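The values are calculated or read from the model by the stated rules, or taken from the named source; none is laboratory data. None of these values were measured; they are calculated from a predicted model. Methodologically, a virtual Cβ is constructed for each residue, glycine included, from the backbone with ideal geometry; neighbour enumeration extends over all protein chains shown. Protein only, heavy atoms only, side chains kept; ligands, DNA and RNA dropped before computing areas. Shrake-Rupley method; radii C 1.70, N 1.55, O 1.52, S 1.80 Å.
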Amino acid sequence: MKQRDIKETLEYISNYSLYAYEDEIRQGFITVQGGHRIGIAGRVILDHGGIRSVKNISFINIRMSHEKKGCGVKVLPYIYEGRNICHTLIISPPGGGKTTLLRDIVRLISDGDTKHKGFNVGVVDERSEIGASYLGIPQNDLGMRTDVLDCCPKAEGMLMMLRSMNPKVMAVDEIGSREDIDVISYVINCGCSILATVHGYSIDDVRTKPVLRKLVDEKAFERYIVLGGKDSIGKIKNIFDERGNELLLQSYLCAN
């Protein structure tokens, strides 16, 4: 794609008002109607050590938003414990389906069913991948009792949700920073259940990450859902409890 084609594409998707998307551009993407995300790359402009903007945009990556309703149904019985939701970590290599699974679990928990009442869920959607929000409105179905903070850093967003929206369950995607871990511990201590995802291949792999090891060793998460890789997208390899005991005796595709 030539430079003029990229420029025309960006002008079109921004409705010829690219400056209106400065906050999103600073994070490396633009979300358009329908929740589709256009990733961008180019010359990064720094300001006091932080990213102020991206100029001379020379690369774009279009990611189509989609959801698979029902892919979390078979997982749900493993994360309920009585009337409560277990603190759950979904582990998957990049592209393994962890965000898709998290999205549907949020929807199911929020709506409830004949066996379980619905919960108030707070989603901190830092990269607009869970709700695929456009102008603050989620384009994906996250359930009737779900509140969303879009394009908000996870650590700050979780604290904001606790202070303002009274969630019983908190959902975040791709944890990993020390700030994330500290706030997750605080959320758990406040009596709010946590649903989170992380890049990885197994519990042992997650334990090798210095900032995550503390949560694993302290058994903060009560359930671990391990997904397959790109060759088996959406496949649940196994589910473990906080002690590493195997709960799932046979793997399956969560989209089935």
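One table, with the values for the structure above:
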read-out	value
Selection count where residues are within 21 Å of I233 (Cβ to Cβ) and free of Cβ contacts under 8 Å to residues at least 60 places away in the same chain, scope the stretch 71-84	2
Filter result for E81 (open to solvent by 80 Å² or more (accessible area, probe 1.4 Å) and at pLDDT 90 or above)	yes
Residue within the stretch 191-212 that is open to solvent by less than 30 Å² (accessible area, probe 1.4 Å), under 20 Å from F119 (Cα atoms), touching a His at 6+ places or on another chain (Cβ under 9 Å) and among the hydroxyl-bearing types (S, T, Y) present	yes
Sole residue being among the hydroxyl-bearing types (S, T, Y), within 20 Å of V198 (Cα to Cα) and open to solvent by less than 50 Å² (accessible area, probe 1.4 Å), chosen from T100, T31, T9	T100
Qualifying residue in the stretch 26-42 (condition: in a helix (DSSP H, G or I), in contact with a strand residue (DSSP E or B) (Cβ under 8 Å, 6 or more places away or on another chain) and of a type in the set (D, E, K, R))	yes
Where M170 falls short, out of the listed (1) part of a strand (DSSP E or B); (2) surrounded by fewer than 15 Cβ atoms within 10 Å (Cβ to Cβ)	(2)
Looking only at the stretch 173-216, and only at residues there that are assigned to a loop (DSSP other than H, G, I, E, B) and hydrophobic (A, V, I, L, M, F, W, C), the one that is modelled with the highest pLDDT	C192
Flag for D23 being part of a loop (DSSP other than H, G, I, E, B) and open to solvent by 20 Å² or more (accessible area, probe 1.4 Å)	no
Condition check for M144: part of a helix (DSSP H, G or I), open to solvent by 40 Å² or more (accessible area, probe 1.4 Å) and either in contact with a Ser or Thr (Cβ under 8 Å, 6 or more places away or on another chain) or not charged (D, E, K, R) (or both)	no
Only listed residue being of a type in the set (A, V, I, L, M), under 26 Å from P77 (Cβ atoms) and either out of contact with any Lys or Arg (no Cβ under 6 Å at 6 or more places or on another chain) or modelled with pLDDT under 90 (or both), chosen from L149, L101, L159	L101
Among (1) open to solvent by 20 Å² or more (accessible area, probe 1.4 Å); (2) closer than 25 Å to A220 by Cα - the single one K115 does not satisfy	(2)
